[in-house]
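The values are calculated or read from the model by the stated rules, or taken from the named source; none is laboratory data. Here the structure is a predicted model, which is why all the values come from computation and not from measurement. Positions of Cβ are generated from backbone atoms using ideal geometry, with glycine treated the same way; all protein chains shown enter the neighbour counts. The area values use the complete protein model at the heavy-atom level, side chains included, leaving out ligands, DNA and RNA. Shrake-Rupley method; radii C 1.70, N 1.55, O 1.52, S 1.80 Å.
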Amino acid sequence: MALFGFGNRRPPADQEARAAIVDWVRRCGGLEEAITVKASEIVCADPACPGIETVILILAPGLPTRALKVGRPLPDVTEADIAAAFAGEGTASRG
């Protein structure tokens, strides 16, 4: 039994999508390797949300955590979505 998601493995496509998103965030944000970038898919319960969205956390030592949101499932996120999220420093909506 996999409680709390432990033991559940992500499909390779999700891992590849996550790696691409991290690369795009680093490139679009001009981020160094010392900065940690995490991408996760969440279900938003707010009726104004698109349902499933991708949340990207940027963790730089000594600075507040930055969060970018893209209103798409993780595998559907594009580099243009990341650029738009940085431009709006927050949320890129589904297009």
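The residues of region 24-50 include none that are touching a helix residue (DSSP H, G or I) at 6+ places or on another chain (Cβ under 6 Å) and open to solvent by 70 Å² or more (accessible area, probe 1.4 Å).
Give me a count of the residues in region 57-76 that are aliphatic (A, V, I, L, M) and open to solvent by less than 10 Å² (accessible area, probe 1.4 Å).
So in region 57-76, the residues aliphatic (A, V, I, L, M) come out as 57-60, 63, 67-68, 70, 74.
Now drop any that are not open to solvent by less than 10 Å² (accessible area, probe 1.4 Å), which leaves 58, 68, 70, 74.
Qualifying residue count, region 57-76: 4.
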